[in-house]
Amino acid sequence: MKIILRQDVDSLGMEGQVFDVARGYARNYLIPKGLALEATEQNTKLMEGQRKKIEEKRLKAKEEAQRAGNELSQLVVTIAQKSGEEDKLYGSVTTIDIAEQLEQKGVHIDRKRIRLDRPIKTLGEFMVPVKLHPEVTAKIKVVVVPQE
């Protein structure tokens, strides 16, 4: 079934794009949640008329994400954890811990945007990517120190 996205969908694509998806996915999820429209002639013409607004909105969002990324790159997040021999942690540092520390610094970022391949399990400094926009990724310096 052909659909036109009304909003950006992480697993699928960006607003205004046309996709061919499974009928059930479209009818049971995308259309009822207002994320997509069925790609009829009328809806296609409607989205073509809005194409310029969508492009301007997308460009503005990218510029804001780049500005926020520059600010985030300046941040250093320090997390104190209990550690044992050879600088190994009892437990680990996850995206939740990083998001909480950012929250304390007044920066509100959804933990799902913080990209850790796997939890941090040792002391040290780590550069953690944060996906702010499909085309913009910032890196935050995370320092894990021993808890006293």
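The values are calculated or read from the model by the stated rules, or taken from the named source; none is laboratory data. Computed from a predicted model, the values in this text were never measured in an experiment. Neighbour counts are summed over all protein chains in view; Cβ atoms, including those assigned to glycine, are modelled from backbone coordinates with ideal geometry.
Couple of notes before you dig in:
- Complete set of residues in the stretch 98-118 that are farther than 10 Å from ILE140 by Cβ, of a type in the set (A, V, I, L, M, F, W, C) and assigned to a helix (DSSP H, G or I): ALA99
- Only listed residue being surrounded by 15 or more Cβ atoms within 10 Å (Cβ to Cβ), among the β-branched types (Val, Ile, Thr) and out of contact with any strand residue (DSSP E or B) (no Cβ under 8 Å at 6 or more places or on another chain), chosen from ILE79, ILE31, ILE54: ILE54
- Contacts under 8 angstrom Cβ, first residue in the stretch 77-89 being under 27 Å from ILE109 (Cα atoms) and at pLDDT 90 or above, partner among the β-branched types (Val, Ile, Thr) and not in a strand (DSSP E or B), 6 or more apart: VAL77/ILE98; ILE79/ILE98
- Leading residue by the ranking (nearest to MET14 (Cα to Cα)) among those in the stretch 91-107 that are modelled with pLDDT under 90 and surrounded by fewer than 16 Cβ atoms within 10 Å (Cβ to Cβ): GLY106
- Scanning the stretch 108-148 for residues that are touching a helix residue (DSSP H, G or I) at 6+ places or on another chain (Cβ under 9 Å) and loosely packed, with under 11 Cβ neighbours inside 10 Å returns HIS108, ASP110, LYS112, GLY124.
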